[in-house]
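Have a look at the structure below, then the notes.
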Amino acid sequence: MSSAPLAAPILRSLKIKTGAVKRLVREREVYILELDQQRDRIETLRKKEGVEGADIRKQNEVLEETLQMIPYMERRIREAMQDLENLVIASKKDDTLAVPELCDADEAIVAAKQALPDSKEVKRAAGPLA
């Protein structure tokens, strides 16, 4: 029995799962940038004269929502990374699958691990909200 028919679905899954991990890492980075921009926006509003408190409160709500998305994205990254790691391990057992997709998957896993902070870093990054 040839492994070629089995290889195509595995390669497709590798590509999809690798792409998902990379996308989730990028999305997390976007939320972190948005968090910094939102903090700057709030500071600018506080320094501005004539800004109503309701406007600042609304921007604080937006900041809070963005802040909640970061741990959510990290959870999704961990789940996607675990799925990809399991697929890579299974794929490496089949010696016929020494392909660039495995290298891409390994790189995506490394990038995801580097993007995920420990819990102390998350708390420091969150900083004061008000």
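The values are calculated or read from the model by the stated rules, or taken from the named source; none is laboratory data. Keep in mind it's a predicted model, so treat the numbers as computed, not measured. Heads up, the Cβs are rebuilt from the backbone with ideal geometry, glycines too, and the neighbour counts pull from every protein chain shown. Ligands, DNA and RNA are excluded from the accessible area calculation, which covers all protein heavy atoms including side chains. Shrake-Rupley method; radii C 1.70, N 1.55, O 1.52, S 1.80 Å.
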> So which aspartates and glutamates can Lys48 reach, going by Cα to Cα under 16 Å and dropping same-chain residues fewer than 8 places off?
Replying inline: Asp40
> Between Ala111 and Ala7, what FRET efficiency comes out of the Förster formula 1/(1 + (r/R0)^6) with R0 = 22 Å and r the beta carbon distance, rounded to 0.05?
Replying inline: 0.30
> Under 18 Å Cα-Cα from Lys47, which aspartates and glutamates qualify once same-chain neighbours fewer than 8 residues away are excluded?
Replying inline: Asp36, Asp55
> With every protein chain present, what accessible area does Arg23 have (1.4 Å probe, heavy atoms only), rounded to the nearest 10 Å²?
Replying inline: 90
>> Can you give me the % of accessible surface on the range 18-106 that is carbon or sulfur? Probe 1.4 Å, all protein chains present, nothing else counted.
In response: 50
